[in-house]
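Once you've had a glance at the structure underneath, I'll fire off some questions.
The values are calculated or read from the model by the stated rules, or taken from the named source; none is laboratory data. These figures come from a predicted structure and were not determined experimentally. FYI the Cβ positions are ideal-geometry reconstructions off the backbone, even for glycines, and counts take in every protein chain you see.
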Amino acid sequence: MSYRDVLHSVTMPAHVRVDREGLLLQRGKSMRRMLNSSQLLVLGSFFAGCAVAAGAFGAHFLKGSLDTSMLAVFETAARYHMYHALGLCIVAWAVDRWPEKRFEQAGWLFLVGILLFSGSLYTMSLTERRWLGAVTPIGGVAFLAGWVLLGYRVWSMK
């Protein structure tokens with residue numbers, strides 16, 4: 001029996017199908033194009049390490065150069081950066097545990113949130129460009145949408 005024969009003989013979930021070449025496809029796209037659990041865990045670990053580095057940088061190098069309000073902004077950025085890096089690790093676990101539930105979308109929202117929310121706060125505190133505060137709520141909405149989507153996907157499994 002060939003690889004293709006085995007794939008065609010196995011009953012696949014409704015959202016997964018096998019094309020003529022024996023490639024697994026999900027919703028018309030190659031599964032390789034989606035974020036998988038390993039990639040999400042690598043991203044979560046990378047962003048968590050960056051959050052630790054940013055927190056250490058803020059605590060040790062910025063205390064003397066930033067005023068207290070901008071230092072608090074920087075610390076908020078690092079804190080939410082870490083929360084959502086850990087959120088990415090949770091999404092990686094969920095993708096691995098329940099691949100059919102499409103948790104990757106929550107991971108994308110966390111990534112966008114980290115870049116927009118924490119990124120705008122880091123930049124605002126270091127450059128004192130206060131207009132970047134207008135970008136911050138967009139990242140916050142991405143964070144909220146990611147958590148709501150993650151919870152919804154878990155809730156809908158019942």
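Return the residues of region 107-124 that are surrounded by fewer than 20 Cβ atoms within 10 Å (Cβ to Cβ) and closer than 19 Å to Ser38 by Cα; say none if nothing qualifies.
Trp108, Val112
Output the residues belonging to region 51-75 that are surrounded by fewer than 17 Cβ atoms within 10 Å (Cβ to Cβ) and part of a helix (DSSP H, G or I).
From region 51-75, those surrounded by fewer than 17 Cβ atoms within 10 Å (Cβ to Cβ) are 52-53, 56-57, 59-65, 67-69, 72; that's our starting set.
Those that are surrounded by fewer than 17 Cβ atoms within 10 Å (Cβ to Cβ) and part of a helix (DSSP H, G or I): Val52, Ala53, Ala56, Phe57, Ala59, His60, Thr68, Ser69, Ala72.
Same structure, new question: Determine whether Glu104 is crowded, with 17+ Cβ neighbours inside 10 Å, farther than 17 Å from Pro137 by Cα, in contact with a helix residue (DSSP H, G or I) (Cβ under 8 Å, 6 or more places away or on another chain) and assigned by TED's automatic domain parsing to the domain that holds Thr136.
yes
Go through region 37-71 and give me each residue that's of a type in the set (A, V, I, L, M, F, W, C) and touching a Lys or Arg at 6+ places or on another chain (Cβ under 9 Å).
Ala51, Leu71
Pro99 fails exactly one of the following numbered conditions: (1) within 28 Å of Leu66 (Cβ to Cβ); (2) buried (at least 18 other Cβ atoms within 10 Å of the Cβ); (3) more than 15 Å from the chain's Cα centre (by Cα); (4) not aromatic (Phe, Trp, Tyr). What is the number of that condition?
(1)
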